[in-house]
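Everything on this sheet refers to the single structure shown next.
The values are calculated or read from the model by the stated rules, or taken from the named source; none is laboratory data. Since this is a predicted model, take the numbers as computed values, not measurements. With ideal geometry, Cβ positions are generated from the backbone for all residues, glycine too; neighbour counts draw on all protein chains shown. Quick note on the areas: whole protein, heavy atoms, side chains included, nothing else; ligands and nucleic acids left out. Shrake-Rupley method; radii C 1.70, N 1.55, O 1.52, S 1.80 Å.
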Amino acid sequence: MAKQCTHLFIDEAHHVEANTWRDLKAKFSLSRVLQFTATPFREDGQLIDGRVVYIYPLRKAMAEGYFRPISFSSVYEFDVARADQAIAAKAIEELDSDFTGKHVVMARVANIKRAEAVFETYRALDRFEPVMLHTGLSSKARTEAIQKLESGKSRIVVCVDMLGEGFDMPELKIAAFHDIRKSLAVTLQLAGRFTRSRADLGDPVFIANIANLDVCDELLQLYAQDPDWNELLPDLSDEAIADEVGAQEYMRGFDRSIDSIPLKDLRPSASTVIYKTTCANWTPRAFRAGLRGLKARDKVLVTINERENTLVALTARETGVPWTSISSVTEWHWELFVSVWDREKSLLFIHGSSNSSEFKDVAKAIGGRDVVLIADPQVYRVLHGINRLLLTNVGLDEHFGRQIRYTGRMGADVAARLGDATRQSARKAVVAGAGFENGTPVTIGAAKRGRVWSVLRLRVDTFAKWCRHLATKIVDESIDPDEVLKGTLIPKIVSARPEQHPIGVDWPLDFVSRQEHQVGFVPIGCSEVSISDVEFNVLDGPLTEPLILELRCDEWTRQVLLEIFPSGDTTDYRFSYVGAGQLDVRTGASGGQDLCQYLTAHPPTVWFADGSSLEGNLLVVNRPGF
């Protein structure tokens, strides 16, 4: 069939990077392809293949009457059950005030367990015959529920992602977010379902609990007090589309592809060394001259974006294997290089995926023989502007005798244990931590020999953006690099959990630093479940009782208790199961480890209503007025 088609039209084109969609599209390689989507960007950060040729702005669609204005109604409850009741009550009020008598409430929840609980909340109100839709229902039950909605017999549906793409029901006008969608792309898709204009229908209403938010930073303003979604949504959409178009133009600026590897699929880690340059122009085409020990069979593939001063290279070196000296037995070692030259600030950034050196020969080849490595103390300027900074990794070169040359300290807050005497007799070698920059959680690290890193995997264009952000700090002479260990929040060891309502829990940083497929949970006698399919919550019980954390997926539920207990003249902590059922954790290629043992070694972070957080037995409290 594909050979007979001159054109291929793809709707919901933000899916084209999925394997099945990509395989289908590849069969039409001889056809012209036209793709349509309301959200030309993806949650996973992948660029969508193709070129944006036309944009119909959301603001224009609203002005021309295709979308109706949105009203936002909020509730403020930390308790989940009370929040569900308040949202349901507001949804009923909206149905009662609907002059058309046709509007339908979609009560959106995150999973089947939540759907069952929220459905009971609506059913207890005994109004408008609520129905439930999710994949756990039989086909017959789902069909009957949809028929009740379409006939008007039911005007409330509790669903788990069942009324999205491909479902056309203009009467959906009241969105009750019992669980909020966490990304802009999905939020815009959902908004489009509710805002379509029809003469016999009224305006859409969105209802949500704003007391316990867990959304990406770009959505926070949507759920602030009294937000105007009709102004904010078009702005957010325009910004996201502009970023996507800019990223596509960035990728098209490279002079060639690298073998059969699309540039948009490269994901360099956020790690770089930085050099000061004095050259008027860099010479990226001399990159190969900076590689020592190249052999005839080795490969060097280079592509350059002249406009953005960015180089991407792949090298493949044939090397021997460690388990034999036979010269004919070899393997190929691949390495990714990304280099960005900031002409305005005269800084050269070099990333090598091996992190094996400072790449000085490469720097000289492409930036000039007189390049100077940005090292201690100037490199520590990159930590400037990180608020609520907690140093988790500090390495010191000791200068108090020769018996100890280097000490490394890792923990929730290393700075708390670094007294004046220690600092005055040592030199900073490694400083790394986590905090917030412009309201966004960030990680940052710097070493005395000039390497800077963050726990991120970036596209080539966002890597370049990250480098240019670092450049503004490196050249700022007003930043004192010696203040790197000042201004941090100091955790304190506690003997009991704080008497505050817990509002959320974050996975251990070790999980977050890995790709999703590298973390899984394995109950005894059951198959592995990916971390992306497991919910992690903290239960809100009596304020004087130990905290209980819950891991839940469709197949099982496990609860663990955080116990803080005396240990000598201080305290310690451990996790233990509540009830029966062990659970193993797999990280990377390693075998499984018991969940409680893992959490004791890598404690998650529990957040409380007053803004404080607890990690094991370490409590961090905001400073007064923050």
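Figures for the structure shown
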{"read-out": "Answer residue from segment 25-55, given it is farther than 26 Å from GLU239 by Cβ and not hydrophobic (A, V, I, L, M, F, W, C) and is most open to solvent (accessible area, probe 1.4 Å) among those", "value": "ARG32"}
{"read-out": "Conditions (1) within 21 Å of the chain's Cα centre (by Cα); (2) open to solvent by less than 50 Å² (accessible area, probe 1.4 Å): number failed by GLU12", "value": "(1)"}
{"read-out": "Selection count where residues are touching a residue at least 12 places away in the same chain (Cβ under 8 Å), over 15 Å from LEU172 (Cβ atoms) and not aliphatic (A, V, I, L, M), scope segment 90-100", "value": "2"}
{"read-out": "Residues of segment 56-83 classified as outside any loop (DSSP other than H, G, I, E, B) and open to solvent by 50 Å² or more (accessible area, probe 1.4 Å), total", "value": "8"}
{"read-out": "Enumeration of residues in segment 32-55 that are touching a Lys or Arg at 6+ places or on another chain (Cβ under 9 Å), part of a loop (DSSP other than H, G, I, E, B) and more than 25 Å from SER532 (Cβ to Cβ)", "value": "ARG51"}
{"read-out": "Pick from segment 277-297, criterion in contact with an Asp or Glu (Cβ under 9 Å, 6 or more places away or on another chain) and of a type in the set (Lys, Arg), ranking: surrounded by the most Cβ atoms within 10 Å (Cβ to Cβ)", "value": "ARG297"}
{"read-out": "Extreme residue, modelled with the highest pLDDT, among residues of segment 401-448 that are of a type in the set (Gly, Ala, Ser), part of a helix (DSSP H, G or I) and under 29 Å from PRO508 (Cα atoms)", "value": "ALA415"}
{"read-out": "Number of positions in segment 439-455 that are more than 20 Å from HIS351 (Cβ to Cβ) and touching a strand residue (DSSP E or B) at 6+ places or on another chain (Cβ under 9 Å)", "value": "2"}
{"read-out": "Strands (runs of 3 or more DSSP E) contained in segment 541-613 and holding at least 3 residues modelled with pLDDT of 90 or more", "value": "547-552, 557-567, 570-577, 583-587"}
{"read-out": "Hey, GLY385 part of a loop (DSSP other than H, G, I, E, B) and either open to solvent by 20 Å² or more (accessible area, probe 1.4 Å) or modelled with pLDDT of 80 or more (or both) or not", "value": "yes"}
{"read-out": "Pick from segment 279-293, criterion closer than 15 Å to LEU311 by Cα and assigned to a loop (DSSP other than H, G, I, E, B), ranking: modelled with the lowest pLDDT", "value": "LEU291"}
{"read-out": "Residue match in segment 372-380 (condition: touching a helix residue (DSSP H, G or I) at 6+ places or on another chain (Cβ under 8 Å), on the phi < 0 side of the Ramachandran plot, assigned to a strand (DSSP E or B) and of a type in the set (Ser, Thr, Tyr))", "value": "no"}
{"read-out": "Where ALA110 falls short, out of the listed (1) closer than 30 Å to GLY541 by Cα; (2) open to solvent by 40 Å² or more (accessible area, probe 1.4 Å); (3) free of Cβ contacts under 8 Å to residues at least 40 places away in the same chain", "value": "(3)"}
{"read-out": "Pairs, first in contact (Cβ under 8 Å) with a residue 12 or more places away in the chain in segment 590-616, second open to solvent by 30 Å² or more (accessible area, probe 1.4 Å) and of a type in the set (Asp, Glu), C-beta under 7 Å, six or more apart", "value": "GLY592/ASP584; ASP594/ASP584; LEU595/ASP584; HIS602/ASP510; PRO603/GLU615; PRO604/ASP506; THR605/ASP506; THR605/GLU615"}
{"read-out": "Residue count for segment 319-339, restricted to those that are assigned to a strand (DSSP E or B) and of a type in the set (Val, Ile, Thr)", "value": "3"}
{"read-out": "ILE87 in contact (Cβ under 8 Å) with a residue 40 or more places away in the chain and either outside any loop (DSSP other than H, G, I, E, B) or out of contact with any helix residue (DSSP H, G or I) (no Cβ under 6 Å at 6 or more places or on another chain) (or both)", "value": "yes"}
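Here is a yes/no grid of residues against (1) among the hydroxyl-bearing types (Ser, Thr, Tyr); (2) over 24 Å from the mean Cα position of the chain (by Cα); (3) open to solvent by 40 Å² or more (accessible area, probe 1.4 Å); (4) at pLDDT 80 or above:
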| site | (1), (2), (3), (4) |
| --- | --- |
| GLN221 | no, no, yes, no |
| GLN225 | no, yes, yes, no |
| LEU232 | no, no, no, no |
| ASP238 | no, no, yes, no |
| ALA242 | no, no, yes, no |
| GLU249 | no, no, yes, yes |
| PHE254 | no, yes, no, yes |
| SER260 | yes, yes, yes, no |
| LEU263 | no, no, no, yes |
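To keep it simple, each residue is scored yes or no on (1) out of contact with any Cys (no Cβ under 8 Å at 6 or more places or on another chain); (2) among the basic types (Lys, Arg); (3) open to solvent by less than 70 Å² (accessible area, probe 1.4 Å); (4) in contact (Cβ under 8 Å) with a residue 24 or more places away in the chain.
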position: LYS299; (1), (2), (3), (4): yes, yes, no, no
position: THR310; (1), (2), (3), (4): yes, no, yes, yes
position: ALA316; (1), (2), (3), (4): yes, no, yes, no
position: GLU331; (1), (2), (3), (4): yes, no, no, no
position: PHE337; (1), (2), (3), (4): yes, no, yes, yes
position: ARG343; (1), (2), (3), (4): yes, yes, no, yes
position: SER353; (1), (2), (3), (4): yes, no, yes, yes
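For (1) surrounded by 13 or more Cβ atoms within 10 Å (Cβ to Cβ); (2) over 33 Å from the mean Cα position of the chain (by Cα); (3) under 23 Å from ILE210 (Cβ atoms), each residue gets a yes or a no:
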{"residue": "HIS103", "(1), (2), (3)": "yes, yes, yes"}
{"residue": "MET132", "(1), (2), (3)": "yes, no, no"}
{"residue": "GLY136", "(1), (2), (3)": "yes, no, no"}
{"residue": "ARG142", "(1), (2), (3)": "yes, yes, no"}
{"residue": "ARG155", "(1), (2), (3)": "yes, yes, no"}
{"residue": "VAL158", "(1), (2), (3)": "yes, no, yes"}
{"residue": "ASP168", "(1), (2), (3)": "no, no, no"}
{"residue": "GLU171", "(1), (2), (3)": "yes, yes, no"}
